[in-house]
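What follows is calculated from the coordinates using simple rules that are stated; it is not laboratory data. Being a predicted model, the structure only gives us computed values, none of them experimental. Glycine gets a Cβ as well: all are built from the backbone with ideal geometry, and neighbour counts include every protein chain shown.
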Amino acid sequence: MLLEIITPENKLFEGEVTSVKFPGTDGEFGVLNNHAPIISTLTKGSIVVIDNNNESKNFDINGGVIEMQNNKIIVLAD
């Protein structure tokens, strides 16, 4: 699935991933391929990305919004 993490300043990440964990407002949650469509708010924390090479990357955010639809995730982060 395709993931884009965008801040007001720049694009932090764009690429194919196998899974992502988000710091949701109501608790941490994960997204895998073919996940149901979702829109959620994010709180301060770390987005953990597992790419197609099984490598982990962390992105610290202060909050934001995630939308997942048709195996494409867009994160608008602070």
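Summary table
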| quantity | calculated |
| --- | --- |
| Backbone HN-Hα couplings from phi across segment 31-41 [Karplus 6.51/-1.76/1.60, Hz, Gly and Pro as x] | 10, 10, 4, 6, 5, 4, x, 8, 10, 8, 8 |
| Burial ranking of peptide ranges 6-16, 39-49 (average Cβ count within 10 Å, highest at the top) | 39-49, 6-16 |
| Estimated inter-spin distance, Thr25 and Asp60, nm [label 7 Å along Cα→Cβ] | 2.4 |
| Cα gyration tensor, the chain - rounded (a/c under 1.5), prolate or oblate | rounded |
| Local electrostatic count, Pro37, Cβ distance below 14 Å [Lys/Arg +1, Asp/Glu -1] | 0 |
